[in-house]
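**Q** Handing you a structure now.
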Amino acid sequence: GGYQPRGGCRVGCPTYRHSSIDHLVFVSPPAVTSPCKILKCNSEFWAATSGSHHLGTEEAPEFCTALRAYAHCTRRTARTCRGDLAYHSAVHGIDDLMVQHNCSKDGPTSQPRLRTLPPGDSQERSDSPEICHYEKSFHKHSAAPNYTHCGLFGDPHLRTFTDTFQTCKVQGAWPLIDNNYLNVQVTNTPVLPGSTATATSKLTIIFKSFQECVDQKVYQAEMDELPAAFADGSKNGGDKHGANSLKITEKVSGQHIEIQAKYIGTTIVVRQVGRYLTFAVRMPEEVVNAVEDRDSQGLYLCLRGCPLNQQIDFQTIRSAQATEGRARRKGPSLPAPPEAFTYETATAKCREKLPVEDLYFQSCVFDLLTTGDVNFMLAAYYAFEDVKMLHSNKDKLHLYERTQDLGPGNMAPSGTPAALWVALLCLSQCWLCLL
């Protein structure tokens, strides 16, 4: 059930920029737990052949050397990659390129060289490539990058890269981020049997292989399992020279980890609060928008927000008052939450950690009313703490107005007090379950 983006290729497939290898199609990287190392072979070949965009006759011997090294690498991993489509695609692609460039299968197989550095970077230390530090390499001669933030917490509440705040249903697996460097997918499950309230129970983060900086790395967390390492047991970007530009740090054992991806200027915070996970990220706008074809790209919650049919439309709660009596006459059919909160006790509880009555406070109240789980109050609190750390604009930390992208007929009435719409929303949720 892993996430697969369009085109049939799972996340992490190499995007080769060299004209001579454009026809190589790596249809599927190995599974996360597979010992198959074909992606490492792919990235080494790319690093060895990415110094120029056009191969002339004088470069053919060097290219053939890299091809032989590539073939040697695939042979070393042949046993563990026997059933892997990416491996078989690479093997056939190597044979085609050998013929195309008149390469002999016998000859030197030197270690892949690093990508030729652009002019002016000759002073860079080989053990600490400058290209693996985003601010130094991408913006050396321009203004500092603009950073933006996305977060997901609670039942679940989404703050997008454009500071849109939404409360969504999104049960099941959904992509949070999907760009050229990074993929993040969350899985949301019901908090109580039969309830529409959901929360994040699983999180998968895939860092794609990037030049001489990092190998592909996968981080996965689930309820009651927040590892302080990637899926392969490592804590950095692998064996490349810039491996330490990707690092995992455990802040609180089993509760709070931080991932620094300096090569793309990105910081990710993952927490387990109670049984469920929260996610927060700080990312440069340039990386946020680094997609092959933005217009045709699939759903990407942090960028596009939740689909309209997955957003909780607060306008529908206007009818909740009229249906309250009907719901009561039917009687409760859902399991009782572990602790029953009234609106007054929920607001009092949320004020203990969130004294400012912004959307984080209102989300806290909403979650206590719908779940009865006090840990959702802590999730809202920590989500706001992460915003304070990660958001670059301190004037936008608090959000007071709903910025959900709904049509004029779907917006909450401006005169509706915050307390009323939260209480009515809870009632609406319960009523929908009873129907």
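**Q** Quick one: grab Rg to one decimal and Dmax as a whole number for region 131-307, Cα atoms only, in Å.
**A** Looking at region 131-307, its Cα Rg and Dmax stand at 16.1, 56 Å.
**Q** Ignoring ligands, DNA and RNA, what percent of the accessible area of region 129-184 is carbon or sulfur (1.4 Å)?
**A** Solvent-exposed carbon and sulfur of region 129-184 make up 50 percent of the total.
**Q** Still on this structure, please answer the following. Please work out how much length the chain gains when fully extended from Glu285 to Ala348, using 0.36 nm per residue of separation minus the C-alpha to C-alpha distance, in nm with one decimal. Could the numbers behind the result be given before it?
**A** Values: separation 63, 0.36 × 63 = 22.68 nm, distance 3.78 nm.
Result: 18.9 nm gained on full extension.
**Q** Here's a follow-up. Compute the signed sum of charges (Lys and Arg +1, Asp and Glu -1) over the other residues within less than 12 Å, Cβ to Cβ, of Leu390.
**A** Computed value for this residue: +2.
The values are calculated or read from the model by the stated rules, or taken from the named source; none is laboratory data. Note that the structure is a prediction, hence the values are computed from the model and not measured. Ideal geometry is used to build each Cβ from the backbone, glycine not excepted, and the neighbour counts take in all protein chains shown. All accessible areas refer to the heavy atoms of the entire protein, side chains included, with ligands and DNA or RNA removed. Shrake-Rupley method; radii C 1.70, N 1.55, O 1.52, S 1.80 Å.
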